[in-house]
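As structure tokens, the structure follows; a few thoughts come after it.
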Ligand code: ATP
Ligand code: MG
């Protein structure tokens, strides 16, 4: 089977972590007998430099023609000047829009061997395995009107939180589907005691639940969910929520794992194509030093195998290899606080390849 994978290394540590992940995918190809056809394209700051555009048309065209997209990171101090009209992050937003992606998946697991790096108490770490499904296209980030004006001698600013039932239905349906092969529990997070959009969210989730008789659904208010992530994180399976609640809760949950460098993500829509990337940014402070942790990107490649290519055994082989390498005591610098030997980005990648 030949599959087309587009690589978007981007900025900062992006090229370093994508290079290791490509090598991991090549090993999967050799081990399982698949042909992956890779092509690399510019995005973000690198694309502003080369094409004056954070998402050149050639990049979008390649991504639309691909089976899946693996991205490193975009942004960095070089392009941070607020006076700039084009910014690296716009490339990522345009890519998601161009591929019709509306759900961001972020699995958060706490590896038992890295438990000492987690802020969770030792007795609350075991079994933490959460899949966040965050709505990506609606809510406060995109609602209209959005304005600032002078009125009666005061400055007034407005943002709008808007959702349609259809937007809620498609992302909640995806969350139920993803819960099937997991522990079959969905927590839908809202603020239905205050917000009309949340009341629509809750009603719609309850209605969609009728299609999924074998999955349990609970509703939770966002404030109490934020607390429960610290007090009882292992009681969650799949959490589905709107754009801004998801932004905040997933950053909170990311801390539980002990390092930003460990966690993968996927952005999906109705088709099988998706964009896979680590949750961390371009990490300019460590770029070019071969010390970045490639785990988040390698696990993103595993998600790519599972969700876009339908290769479940292959995805599990990558995840097991990462677990084995961490169990063996191998670490990158950011994980070294938890004890063990600190390897370079490429040496850690080589260990994962050997374990596959
Ligand atoms: P963004 O604005 O793109 O969200 P950020 O400001 O959240 O980025 P990151 O670039 O993610 O910041 O970096 C935050 C901190 O985490 C930095 O100190 C960085 O070095 C560290 N970090 C991020 N990714 C990794 C990684 N893969 N390995 C090791 N350390 C990392
Ligand atoms: Mg950030």
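The values are calculated or read from the model by the stated rules, or taken from the named source; none is laboratory data. Keep in mind that this is a model prediction, so the values were computed, not measured. Don't worry about glycine lacking a Cβ; one is built from the backbone with ideal geometry, like all the others, and counts go over all protein chains shown.
Scan (1) in the same structural domain as residue 344 (by TED's automatic domain parsing); (2) in contact (Cβ under 8 Å) with a residue 60 or more places away in the chain for the single condition residue 285 breaks and write down its number. Result: residue 285 fails condition (2) only. Contact annotation: residue pairs with Cβ atoms under 8 Å, 6 or more positions apart or on different chains, pairing a residue in the stretch 239-253 that is at negative phi with a partner that is part of a helix (DSSP H, G or I) and within 16 Å of ligand 1 (Cβ to nearest atom), are 239/249; 241/249; 243/141; 244/141.
Exactly one residue out of 77, 54 is within 16 Å of ligand 2 (Cβ to nearest atom) and either assigned by TED's automatic domain parsing to the domain that holds residue 289 or crowded, with 18+ Cβ neighbours inside 10 Å (or both), and it is 77. Residue 192 satisfies every condition listed in (1) in a loop (DSSP other than H, G, I, E, B); (2) under 20 Å from the mean Cα position of the chain (by Cα); (3) surrounded by 13 or more Cβ atoms within 10 Å (Cβ to Cβ) except (2).
Quick one: is residue 277 outside the structural domain of residue 176 (by TED's automatic domain parsing), within 16 Å of ligand 2 (Cβ to nearest atom), outside any loop (DSSP other than H, G, I, E, B) and touching a residue at least 24 places away in the same chain (Cβ under 8 Å)? Taking the combined requirement at face value, the residue satisfies it. Is it fair to say residue 93 is within 20 Å of the chain's Cα centre (by Cα), part of a helix (DSSP H, G or I) and at pLDDT below 95? Yes; evaluated as a whole, the condition is true for this residue. The residues of the stretch 239-252 that are buried (at least 24 other Cβ atoms within 10 Å of the Cβ) and within 16 Å of ligand 2 (Cβ to nearest atom) amount to a single one, 246. A single entry from 310, 269 fulfils the requirement of being surrounded by fewer than 23 Cβ atoms within 10 Å (Cβ to Cβ), on the phi > 0 side of the Ramachandran plot and away from ligand 1 (no atom under 15 Å from the Cβ): 310. Of the residues making up the stretch 285-296, those that are within 16 Å of ligand 2 (Cβ to nearest atom) and touching a helix residue (DSSP H, G or I) at 6+ places or on another chain (Cβ under 6 Å) number 3.
For the stretch 208-238, taking the residues that are touching a residue at least 24 places away in the same chain (Cβ under 8 Å) and over 19 Å from residue 183 (Cα atoms), the one that is nearest to ligand 2 (Cβ to nearest atom) is identified as 226.
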